């Protein structure tokens, strides 16, 4: 009989050990950015960024499939260096930030690739959720400024019309938008 | 496209309204329901021509206004027109819709996540219910057409203000609503059966469809102003002034009834005087909205206007409807 609790303790210890195999990082807002750009009259690019972003990622280097990534962007924090345009972008013709306050990515499957990780997941914007696959370049951990840090970069191309944006507002500003994510994570 | 949508909404509503009034010449109840149906089809035609039909299931405040609030309110008005339910139940139904209107319009938005105090929602519901119930009841007994006319104007002003504040689609949707209401009212006034005026026993009083159409206009105005205020950039003061206009059109009538002398009653009951009074807040709203547009979005429109002839169409301070034409010409140029 006394063997059973001991066995149980070993199982828990192993389970705990496997949980600890993943490193949990908080999104480092100071050293990260989520930007976007879209074509203007098909002659140039309009660029902007979201200033309020949060996220977490958990990296299991032994078994990358157990890694998870999540990112939450406050749509209201859109910033194109033009206050009037930002106000316009927050309205229902574009992001409709009162109705759809966040833009979110949640990973569903992760696999290691030579450049970093290939992360499949769901991308939710403007109330529409679509599956996307991101190639996260990076992932090397370093220790700096008293914390362990890791960073990734990726680009995501999407069509605004796929996310139920008002088709009447797709014209001067192109349908396709490119979201550029450069994020750093940190842990103690 | 905008002009086509407004004219299309008006023409469909007027044609169907005239047919309805003609078919139900001796049956006011049927004519009243027909007027509401004409308004509905006018709105559908206008939104179709504007390419602004709501998405299903509704996901935005504007969708919920067009797919839930307006149809439910119109169904209640159809019930009222057909005399299917008693006055008590009619009042209760209107009260329920008024109470649920704001939560339905703001469903799933940040406004219902603790940002909006319950007292504000209750106050809005009370205002909506009182104006809907009170004005519609008054129109049914008096046959007053001024409120419906003013509501058409208020819808146009609400649309212009919402569009000039930066929500083009939200503003443009108001125009087919106004067009359909105007068209259905024209058909109504052109002929058709009438309700007896209450208490007088007089036949030939209120046009049968007028109370229902007035109610439809008031509900449309309230819904549009709420979504314009909460999802667009329509200011609180502008929203209140727009909603005040129909009340100003009916208030002198009520005050006039309290006066002992007939001269005062005539003055306050004068349609011209009441329309002018109701126009005051609407004109203020348009002037302020235009000034705001010129200082903020007008410059932005100037920035995004493409070079060439279209640039002349959209100068800083241009109205947002020119912007939509420019977009069309820009995309045509891009395609070519």
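Using the Cβ-Cβ distance between residue B:75 and residue B:267 with R0 = 35 Å, the FRET efficiency computed as 1/(1 + (r/R0)^6) comes to roughly 0.35. Once you sort the root eigenvalues of the Cα gyration tensor of the protein assembly as shown as a ≥ b ≥ c, which label holds: rounded (a/c under 1.5), prolate (a/b larger than b/c) or oblate (the other case)? Prolate, since a/c reaches 1.5 and a/b exceeds b/c. From least to most packed, judged by other beta carbons within 10 angstrom and beginning with the fewest, B:64, B:145 follow the order B:145, B:64. With a simple spin-label model that places each label point 7 Å from the Cα along the Cα-to-Cβ direction, the separation between residue B:258 and residue A:74 comes to 4.8 nm. Seen through its C-alpha gyration tensor, with square-root eigenvalues sorted a ≥ b ≥ c, region A:21-187 comes out prolate because a/c lies at 1.5 or above while a/b is bigger than b/c. Straightening the chain between residue A:52 and residue A:122 buys 23.2 nm, computed as 0.36 nm per residue apart minus the Cα-Cα spacing.
Approximating the spin labels as points 7 Å out from Cα along Cα→Cβ, the residue A:21-to-residue B:186 distance works out to 7.6 nm.
Full extension of the chain between residue B:4 and residue B:56 yields a length gain of 16.3 nm, computed as 0.36 nm times the residue separation minus the alpha carbon distance. Each of B:270, A:32, B:86 has some number of other Cβ atoms within 10 Å of its Cβ, and from fewest to most they run B:86, B:270, A:32. Going from the fewest other Cβ atoms within 10 Å to the most, the residues A:122, B:91 appear in the order A:122, B:91. Over chain A, dividing the summed -39,500 (n - 2.57) contributions of all DSSP H runs of at least 4 residues by the number of residues returns a 222 nm mean residue ellipticity of -4500 deg cm²/dmol. Between residue A:106 and residue A:175, the modelled labels are 2.8 nm apart [label points 7 Å from Cα along Cα→Cβ]. Between helix A:3-20 and chain A there is an angle of about 30 degrees, using the helix long axis and the longest principal axis of the Cα atoms.
Does region B:21-104 come out rounded, prolate or oblate, given a ≥ b ≥ c as the square roots of the eigenvalues of its C-alpha gyration tensor, rounded meaning a/c under 1.5 and, failing that, prolate meaning a/b above b/c? Cα axes put region B:21-104 in the oblate bin.
Calculate the FRET efficiency for residue B:288 and residue A:140 from the Cβ-Cβ distance with a Förster distance of 45 Å, rounded to the nearest 0.05. So the FRET efficiency works out to roughly 0.20.
Bear in mind that the values in this text are calculations on the coordinates, not laboratory data. Source: prediction; values computed, not measured. Cβ atoms come from the backbone with ideal geometry, glycine included; neighbour counts cover every protein chain shown.
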